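Structure, as structure tokens:
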Amino acid sequence: MESPQPEETLYERAEHAARFIRARLGVEAPRTALVLGSGLGAFADELEDAQQFSYEEIPGFARPTVEGHAGRLVVGSVEGHHVAVMQGRFHFYEGYRLDEVTFPVRTLGLLGVRSLVLTNAAGGLNNSFTQGSLVVISDHLNLMGVNPLIGRNDPRFGVRFPDLTEVYDHEFQDIAVREAQGMSLELRRGIYAALTGPSYETPAEIRMLRLLGADAVGMSTVPEAIVARQMGMRVLGLSCITNMAAGVTDQPINHEEVIETGERVHATFAGLLRRIIPKL
Ligand code: HPA
């Protein structure tokens, strides 16, 4: 009888994915990567000399759920800077495990990415934000009730108990604020609270999140940021406030509005990314 193949570890699977991408690229892998959130994906279409990989063809990447949109990794250049852009991400609320949600970040890390820009659509709690505001994430509240590092730790990724004192790189935050000023754009700092979703919050939950110090709320980013930090990457987090959070105004929240707002601020958002990327 054939002896069963020993199962590949998470590290080996991520290495496998990174090797596949590296082989297809034929050029050196980028040191900077971006993950584009809901409604913000169009930036990937602006890359020059782009090479594309659908998530389905990358070994080890999760398969899209029925309602999930197929995503792709686009590698190309922005203002002469080589970047990898993930157009679409895997969310916990879609039913993926957090090791699946964060697998692309693991892969990017093993490819050699050192600076990671995580973007998302978020609900606004802070009254100084309005629909369409862009926010640089200064810190987070992980209220998902899970952590992507739960389970056996592979020291090749990083330590068992990573320090999260500075998840969102202070220098990167300053760069983002300065570059926004250069385009007369007000970029506020804020604390991002991550919940699982997929239902939006109740007004009572939003009042609770306010008491906890949250400025914005969303359903992504935090697992990816934790994994990136464990691997020693520097992280910049940017939120687009696509709607004010539940109960802040008397407007109900819907997904179409979230996507529309993201698309409406596209030019500003893309302009900001173009200025920030060369500085990271
Ligand atoms: N809540 C949670 N996630 C979100 C929201 C919200 O109001 N808007 C966009 N993503």
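The values are calculated or read from the model by the stated rules, or taken from the named source; none is laboratory data. Please read these numbers as outputs of a predicted model, since none were measured by experiment. Methodologically, a virtual Cβ is constructed for each residue, glycine included, from the backbone with ideal geometry; neighbour enumeration extends over all protein chains shown. Quick note on the areas: whole protein, heavy atoms, side chains included, nothing else; ligands and nucleic acids left out. Shrake-Rupley method; radii C 1.70, N 1.55, O 1.52, S 1.80 Å.
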Check: If you roll a 1.4 Å probe over the heavy atoms of the protein chains, what accessible area per residue do you get for region 143-269, in Å²?
Finding: 49 Å²
Item checked: In sequence order, calculated HN-Hα J values of region 9-15 (Karplus, 6.51, -1.76, 1.60; Hz; x Gly/Pro) -> 6, 4, 4, 5, 5, 5, 4
Check: Summing Lys, Arg as +1 and Asp, Glu as -1, what charge do residues with Cβ under 11 Å from the Cβ of Leu116 carry, Leu116 excluded?
Finding: +2
Margin query: Out of the total accessible area of region 40-119 (probe 1.4 Å, heavy atoms of protein only), what percent is carbon and sulfur?
Written below: 47 percent
Next item on the list: Show that you can apply the helix-only estimate: for the chain, add -39,500 (n - 2.57) for every DSSP H stretch of four or more residues, divide by all residues, and state [θ] at 222 nm to the nearest 500.
Entry: -8500 deg cm²/dmol
Next item on the list: On each of the three principal axes of the Cα atoms of region 130-280, give max minus min coordinate, whole Å, ordered largest first.
Entry: 47, 38, 26
Checklist line | Protection-proxy order for peptides 166-176, 208-218, 19-29, 85-95, each taking the mean of Cβ atoms within 10 Å per residue, highest first | finding: 85-95, 208-218, 166-176, 19-29
Next item on the list: Using the Kirkwood radius over Cα pairs, work out the Stokes-Einstein diffusion coefficient for the chain at 4 °C and 1.567 mPa s, in µm²/s as a whole number.
Entry: 68 µm²/s
Next item on the list: Could you order peptides 105-116, 257-268 by the average number of other Cβ atoms within 10 Å of their residues, highest first?
Entry: 105-116, 257-268
Check: What net charge do the residues around Phe129 carry, taking every other residue with its C-beta under 14 Å from that of Phe129, with Lys and Arg at +1 and Asp and Glu at -1?
Finding: +1
Notebook entry, point to check: Expressed as an acute angle from 0 to 90° and rounded to the nearest 10, what is the orientation of the C-alpha long axis of helix 170-182 relative to the principal long axis of the chain?
Noted result: 50 degrees
Checklist line | Cα convex hull of region 106-172, projected area averaged across orientations, nm² | finding: 6.4 nm²
Checklist line | Alpha carbon Rg of region 196-280, scaled by the compact-globule rule 2.2 N^0.38 Å | finding: 1.27
Notebook entry, point to check: When DSSP assigns beta bridges and you keep just the ones with both residues in the chain, what percent turn out antiparallel, to the nearest 5?
Noted result: 35 percent
Next item on the list: Identify, among Val74, Ser184, Gly262, the residue whose Cα sits farthest towards the positive end of the charge dipole of the chain, taking +1 on the Cβ of Lys and Arg and -1 on the Cβ of Asp and Glu, with the dipole about the Cα centre.
Entry: Ser184
Notebook entry, point to check: What are the residues whose amide H is under 5 Å from the amide H of Arg234, where those residues sit 5 or more places off or on another chain and H is modelled from the backbone?
Noted result: Ser115, Leu116
Note to self: Tell me which of Val248, Val235, Ala216 sits at the most positive position along the dipole axis of region 165-280, charges placed on C-beta atoms (Lys, Arg +1; Asp, Glu -1).
What the structure shows: Val235
Next item on the list: Would you mind getting the accessible area per residue of region 46-137, heavy atoms of the protein chains only, 1.4 Å probe, in Å²?
Entry: 36 Å²
Next item on the list: Could you please state how large a percent of the accessible area of region 193-277 is carbon and sulfur, counting protein chains only and using a 1.4 Å probe?
Entry: 54 percent
